[in-house]
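Following: one structure in structure tokens, then a few remarks.
The values are calculated or read from the model by the stated rules, or taken from the named source; none is laboratory data. Computed from a predicted structure; not experimentally measured. Positions of Cβ are backbone-derived with ideal geometry, glycine not excepted, and every protein chain shown enters the neighbour counts. We work out accessible area using only protein heavy atoms, side chains counted, and drop any ligands, DNA or RNA first. Shrake-Rupley method; radii C 1.70, N 1.55, O 1.52, S 1.80 Å.
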Amino acid sequence: MRKSLFLLCFLSACGAFAIATTAFFMPVYLKEIDFSGREIGILYAALSVTSIITSFPSGLASDRFLARDLIALALILMGIACWLKSEVFLFLPFVLAYLTYGVGQNLFRVSLDALLLKSFSQNVGKVYGYFNGARMLGFTLGGIIGGLLLSHFDFRLTLKLIGSFCVAISFIRRFLPQNIPVSFGLKTYKNDFFRPSVLFFAIWLFMFYLHWGAEFTSYGLFLRENLKLSLLAMGFYMSAEFAMVGLASVIMGLWLNKGANPYQVAFWGLLASGIGHMGMIIEHLPVSLTFRLIHGFGDGTIMVLSYVGIAKLFKIERIGGNSGLITLTIMLGGFIGSLVFGPLGEKWGYQWPLFISGVTTLVLIPMIFIPKVIELKHERRSA
């Protein structure tokens, strides 16, 4: 089991590394090839739409087929899409390349998450903390290496290198654990998802991940335009946050594994995430970075909490499809956020989407106590 966990964590880190080398730098590249703020918003919204459409089918496929085969297919699609993005410069062809990338990226994430959830049902806080910590390590190294690559080479060559890397790591497939394929009707997943506790959890995550839309469309441009950072400096700035997300994932995962109150964990996670997003817009690099690290600690906390929530809410044999539905909810939040924050950032300044999304995160804090209040009322009536 240790070998399986190591391999899944390693692949999680490799996938995150491939994504991070270009993901947050991409708006800068899109602006360089004369895409407007509206077009950038549409591109990221299209990426989110693709994720929304493919999330449940990807999860369902992870239940019905070997997840490791789907992971390999996803990496190959990502590799092809990176090559396409390096060769097309017109808006519509670029959208098609983004759609291909979106399918691959989402299939990779959902299938890998499903394989982890199916392979480990004990000590979930610790396991998911390590897994997400490995993912963030990949993002950290990807941000640094991405900045270095883009400082010495152009975006086109960097995209080709990352595309080749994605195809290369797909050969890890044969060493990954195998899940047992199962088949359930769609009505079963509907019944699983439309329970009050699951719906509340999904709505809460949707509202939290609205802030992804602000990051997709404004984070990189804020660092470039407002803080005047070079591509290399942007890489180190982003990587510092990813390292903090990874650290928080491990710390909070171990804390949850020891029996920490999840409501208390959620409170501190939301507080840190919201305040961090609001404070990072201060245009003084050390202060901005400090708040970004605070935000990263909050995000890492909520990420691990979401894994633990999925593991507790769903049966393991259908956890692929159900986790896909949760991913759909998360991607829907990013989609709506992209549509709102893309034009807002271009018109009013790239700092405002980050600030406003920080406020919306803080608004979620009272919501986390609603299930607890309902639970206490139910206990009193029973007594």
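Kindly evaluate Leu362 against the criterion of being in contact (Cβ under 8 Å) with a residue 24 or more places away in the chain and open to solvent by 60 Å² or more (accessible area, probe 1.4 Å). Judged against the criteria, Leu362 is not a match. For the condition outside any helix (DSSP H, G or I), within 22 Å of the chain's Cα centre (by Cα) and modelled with pLDDT of 90 or more, Ile281 qualifies. A count restricted to the stretch 49-89 and to residues that are more than 29 Å from Leu339 (Cβ to Cβ), open to solvent by 40 Å² or more (accessible area, probe 1.4 Å) and either within 20 Å of the chain's Cα centre (by Cα) or β-branched (Val, Ile, Thr) (or both) stands at 2.
For Leu256, the criteria (1) buried (at least 22 other Cβ atoms within 10 Å of the Cβ); (2) hydrophobic (A, V, I, L, M, F, W, C); (3) in contact with an Asp or Glu (Cβ under 9 Å, 6 or more places away or on another chain) hold in every case but one, which is (3). Could you say whether any residue in the stretch 214-227 is of a type in the set (D, E, K, R), surrounded by fewer than 22 Cβ atoms within 10 Å (Cβ to Cβ) and over 21 Å from Ser338 (Cβ atoms)? Scanning the stretch 214-227 turns up no residue that is of a type in the set (D, E, K, R), surrounded by fewer than 22 Cβ atoms within 10 Å (Cβ to Cβ) and over 21 Å from Ser338 (Cβ atoms). When Ile275 is tested against (1) modelled with pLDDT of 90 or more; (2) buried (at least 24 other Cβ atoms within 10 Å of the Cβ); (3) among the aliphatic types (A, V, I, L, M), just one condition goes unmet, and that condition is (2).
Apart from one condition, Asn191 fits all of (1) part of a helix (DSSP H, G or I); (2) within 24 Å of the chain's Cα centre (by Cα); the exception is (2). For the stretch 121-162, taking the residues that are among the hydrophobic types (A, V, I, L, M, F, W, C) and open to solvent by less than 20 Å² (accessible area, probe 1.4 Å), the one that is farthest from Asp69 (Cα to Cα) is identified as Leu150.
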